[in-house]
Amino acid sequence: MAYKPFDADALIDAAAPLLQLRIEPEFRAAIKANLKTASKMAALVEQVKLEDEAEAAPVFRA
Amino acid sequence: MTTGMTDPLSASATATEIAEAVKSGQVKARSVAEAALARIEKHNPALGAFTDVTAARALDAADLVDGKVANGLDPGPLAGVPFAVKNLYDIKDVVTRAGSKINRDRPPAHADATLVSKLDAAGAVLVGALNMGEYAYDFTGENAHDGPSRNPHALDHMTGGSSGGSGAAVAGGLVPIALGSDTNGSIRVPASFCGIFGLKPTYGRLSRAHSFPFVGSLDHLGPFARTTRDLALAYDLMQGFDEADPAQTKRVNEPTVNRLSYPIPGLRIGVADGYFAGDAVAQAHVKVVAQALDASRVVTIPDAQAARAAAFLITMAEGAALHLDRLRARPEDFDPDTRDRLLAGAMLPAVWVERAQKLRRAYREKVLHLFEEVDAILAPATPMKAPKIGQKTAMFGGVELPVRANLGIFTQPISFIGLPVAAVPVWLPGEDLPLGVQVIAAPWREDVCLRIAHQLETAGVCKAPVAKAFLD
């Protein structure tokens with residue numbers, strides 16, 4: 001099954017109520033543009049292959 | 001006055017010159033403070049550097065210094081030196097606005113930020129708080145609430161941000177030392193655009209306690225100055241462990257100012273290629289520095305583009321988490337440019353951020369290996385010279401992209417892993433605006449950054465003059 005293209009409006013419509021964020025119509029275009037940029041950034045990050053053992057940078061110390 | 005020495009009351013006087021003149025009794029700290037306050041009153045309307053002027057406090061602090069001098073007591077290594085701080089540093093009895101409208105509703109700070117206290121204890125005289133991009137999420141130096149800070153070398157151009165007021169205040173000769181913060185480049189970008197020296201120390205070196213945060217895992221504080229000696233002196237005096245900053249690393253103080261003149265021929269210096277090559281204008285400025293240092297090695301920083309992307313995602317998500325309640329309650333009171341990036345950041349999938357944090361550690365390992373072969377790496381601080389205020393897009397590597405998010409493309413992959421950097425100002429012959437070069441070293445080697453910066457300054461390759469229009 002092919003992946004659907006990323007739909008920023010769908011993410012906003014789903015996530016904003018979950019987060020109790022009020023998205024006014026005039027905010028939407030810029031939020032969409034930022035989400036699309038973020039998706040490109042995430043793709044760049046995923047291009048770097050990491051070992052299963054790779055730890056995240058912040059390590060909690062008790 | 002000694003012939004050839006700068007008048008300690010002038011805009012061009014360095015911190016070192018002022019402190020010497022005050023300590024020797026040649027000039028009163030009060031006169032120095034009054035001169036700085038007069039310059040601020042005269043020039044700040046054009047520069048937009050200061051948002052708060054702490055005149056009464058400054059005069060009281062100056063009188064204290066003068067009293068010590070009169071009584072034969074040590075007034076401190078920065079005796080009577082005026083300084084100012086980005087308005088995300090707490091200043092006792094001043095509201096820490098952090099460039100925002102929303103935080104103005106908070107009560108005034110009950111105490112100074114740790115770094116303000118340290119400079120104060122060294123005899124420096126705080127004269128006020130400086131303009132900045134809202135909540136530090138900015139590379140332009142523009143501010144929707146306070147107006148833009150303006151580049152002293154060309155008032156219709158950006159200072160760079162988010163420590164824009166810090167850049168304007170130092171390049172405009174209002175103060176010899178200013179403090180800023182750098183999460184993704186907010187010290188190095190304004191240093192580049194305003195033609196001054198800036199130091200982003202190693203992550204965890206200086207206390208951030210009692211400053212308003214942005215991205216705790218990436219936030220750094222540091223100084224700006226017009227000479228490398230002043231930069232190193234301010235940095236040295238701000239070192240020291242402070243348990244109030246949970247990210248600070250416990251290290252002994254490692255002073256740099258007495259080592260600035262150590263010869264550097266033993267240092268191996270490389271020039272970053274690939275991702276950091278930049279357009280012709282950035283390349284030209286790096287080349288000047290590389291030639292002066294005889295830096296013929298080429299260094300490839302691996303995965304730099306992915307590192308920048310990871311810093312971008314962590315910033316969006318962590319910034320959104322910080323501001324979530326404010327985004328819910330008062331979205332209209334944000335600068336729209338800040339708000340819409342933070343709102344998007346609140347919606348990022350958690351796995352993206354976790355992958356970014358994993359990359360951070362893996363990338364750190366790879367980059368630290370490079371320092372087995374070199375002691376310092378040179379890279380442009382910004383991809384271009386200061387754009388015009390209000391400019392929304394520019395060409396980056398042949399592609400038109402938003403200015404605001406992309407001025408930090410060369411700074412982000414470096415601060416992402418907390419490496420120390422001195423931004424040094426380079427002016428090409430006949431050019432009206434400078435462009436900065438990053439001198440990058442291994443963690444905890446600020447001394448290497450500063451020694452190289454000092455060598456470049458001594459050789460006349462880098463300089464940070466007060467802008468001509470503000471010399472009086």
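Kindly establish whether B:Gln357 is out of contact with any strand residue (DSSP E or B) (no Cβ under 9 Å at 6 or more places or on another chain) and polar (S, T, N, Q).
Judged against the criteria, B:Gln357 is a match.
Among (1) surrounded by fewer than 22 Cβ atoms within 10 Å (Cβ to Cβ); (2) more than 30 Å from A:Met41 (Cβ to Cβ), where does B:Thr256 come up short?
For B:Thr256, the failing item is (1).
Pairs please, first residue from the range A:24-47 and under 18 Å from B:Arg330 (Cβ atoms), second anywhere and among the basic types (Lys, Arg) and in a helix (DSSP H, G or I), Cβ atoms under 8 Å, 6+ apart in sequence or on different chains.
Between residues of the range A:24-47 that are under 18 Å from B:Arg330 (Cβ atoms) and residues that are among the basic types (Lys, Arg) and in a helix (DSSP H, G or I), the close pairs are A:Phe27/B:Arg339; A:Ala30/B:Arg341.
Quick one: how many residues across the range B:21-51 are within 16 Å of B:Phe83 (Cβ to Cβ) and outside any helix (DSSP H, G or I)?
Residues in the range B:21-51 being within 16 Å of B:Phe83 (Cβ to Cβ) and outside any helix (DSSP H, G or I): 3 in total.
All but one of (1) surrounded by 15 or more Cβ atoms within 10 Å (Cβ to Cβ); (2) part of a loop (DSSP other than H, G, I, E, B); (3) not aliphatic (A, V, I, L, M) hold for A:Pro58; which doesn't?
Only one criterion in (1) surrounded by 15 or more Cβ atoms within 10 Å (Cβ to Cβ); (2) part of a loop (DSSP other than H, G, I, E, B); (3) not aliphatic (A, V, I, L, M) is unmet by A:Pro58, namely (1).
Condition check ((1) among the aromatic types (Phe, Trp, Tyr); (2) buried (at least 18 other Cβ atoms within 10 Å of the Cβ); (3) over 25 Å from B:Ala46 (Cβ atoms)) across all residues:
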position: B:Ile91; (1), (2), (3): no, yes, no
position: B:Pro108; (1), (2), (3): no, no, yes
position: B:Lys118; (1), (2), (3): no, yes, yes
position: B:Leu126; (1), (2), (3): no, yes, no
position: B:Asn131; (1), (2), (3): no, yes, no
position: B:Asp138; (1), (2), (3): no, yes, no
position: B:His145; (1), (2), (3): no, no, no
position: B:Ser149; (1), (2), (3): no, yes, no
position: B:His153; (1), (2), (3): no, yes, no
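Please determine whether any residue of the range B:126-136 is in contact with a Pro (Cβ under 8 Å, 6 or more places away or on another chain) and more than 18 Å from B:Ala168 (Cα to Cα).
No, the range B:126-136 has no match at all.
For the range B:340-369, how many residues are more than 7 Å from chain A (Cβ to nearest Cβ) and either buried (at least 20 other Cβ atoms within 10 Å of the Cβ) or at pLDDT below 95 (or both)?
5
Could you list, in sequence order, all residues of the range B:413-442 that are within 16 Å of B:Pro201 (Cα to Cα) and more than 18 Å from the chain's Cα centre (by Cα)?
Across the range B:413-442, the qualifying residue is only B:Ala442.
Yes or no: the range B:23-45 includes at least one residue that is among the hydroxyl-bearing types (Ser, Thr, Tyr), farther than 18 Å from B:Leu179 by Cβ, surrounded by fewer than 21 Cβ atoms within 10 Å (Cβ to Cβ) and under 22 Å from the mean Cα position of the chain (by Cα).
No: the range B:23-45 contains no residue that is among the hydroxyl-bearing types (Ser, Thr, Tyr), farther than 18 Å from B:Leu179 by Cβ, surrounded by fewer than 21 Cβ atoms within 10 Å (Cβ to Cβ) and under 22 Å from the mean Cα position of the chain (by Cα).
Please go through the range B:102-133 and pick out each residue that is farther than 30 Å from B:Glu20 by Cα and under 16 Å from the mean Cα position of the chain (by Cα). Walk me through how you get there before you give the answer.
Here is the first cut: in the range B:102-133, the ones farther than 30 Å from B:Glu20 by Cα are B:102-110, B:132-133.
B:Met132, B:Gly133 - these are the residues of the range B:102-133 that are farther than 30 Å from B:Glu20 by Cα and under 16 Å from the mean Cα position of the chain (by Cα).
Just name the residue that is surrounded by the most Cβ atoms within 10 Å (Cβ to Cβ) out of those in the range A:38-51 that are of a type outside the set (Gly, Ala, Ser) and facing chain B (nearest Cβ under 7 Å).
Across the range A:38-51, the extreme among qualifying residues is A:Val45.
Look through B:Ala464, B:Ala386 and report the one residue that is modelled with pLDDT of 95 or more and farther than 29 Å from B:Ser261 by Cβ.
Details: B:Ala464 fails: farther than 29 Å from B:Ser261 by Cβ.
Result: B:Ala386 is the single residue among B:Ala464, B:Ala386 that is modelled with pLDDT of 95 or more and farther than 29 Å from B:Ser261 by Cβ.
Can you go through B:Leu450, B:Leu433, B:Leu419, B:Leu378 and tell me which one is touching a strand residue (DSSP E or B) at 6+ places or on another chain (Cβ under 8 Å), touching a residue at least 60 places away in the same chain (Cβ under 8 Å) and part of a helix (DSSP H, G or I)?
Numbers: B:Leu433 fails: part of a helix (DSSP H, G or I); B:Leu419 fails: part of a helix (DSSP H, G or I); B:Leu378 fails: part of a helix (DSSP H, G or I).
After ruling out the rest, the residue left standing is B:Leu450.
Looking for whichever is in contact (Cβ under 8 Å) with a residue 40 or more places away in the chain and basic (Lys, Arg) here; the options are B:Arg150, B:Arg106. Which one fits?
When all the criteria are applied, what remains is B:Arg150.
Quick check on this structure: which one of B:Leu378, B:Leu407, B:Leu401 is of a type outside the set (Lys, Arg) and within 30 Å of B:Pro265 (Cα to Cα)?
Numbers: B:Leu407 fails: within 30 Å of B:Pro265 (Cα to Cα); B:Leu401 fails: within 30 Å of B:Pro265 (Cα to Cα).
From the options B:Leu378, B:Leu407, B:Leu401, the qualifying one is B:Leu378.
Return the residues of the range B:188-224 that are surrounded by fewer than 24 Cβ atoms within 10 Å (Cβ to Cβ) and either free of Cβ contacts under 8 Å to residues at least 12 places away in the same chain or polar (S, T, N, Q) (or both); say none if nothing qualifies.
Residues satisfying the conditions are B:Thr202, B:Ser207, B:Ser217.
List the number of the failed condition for B:Ala280; all other conditions in (1) more than 8 Å from every other protein chain (Cβ to nearest Cβ); (2) in contact (Cβ under 8 Å) with a residue 24 or more places away in the chain hold.
(2)
When the range A:1-22 is examined, which residues are found to be more than 12 Å from the chain's Cα centre (by Cα), surrounded by 13 or more Cβ atoms within 10 Å (Cβ to Cβ) and at the interface with chain B (Cβ under 7 Å from one of its Cβ atoms)?
Within the range A:1-22, A:Leu19, A:Leu21, A:Arg22 qualify.
The values are calculated or read from the model by the stated rules, or taken from the named source; none is laboratory data. If you're wondering where the values come from, they're calculated on a predicted model, not measured in any experiment. Positions of Cβ are generated from backbone atoms using ideal geometry, with glycine treated the same way; all protein chains shown enter the neighbour counts.
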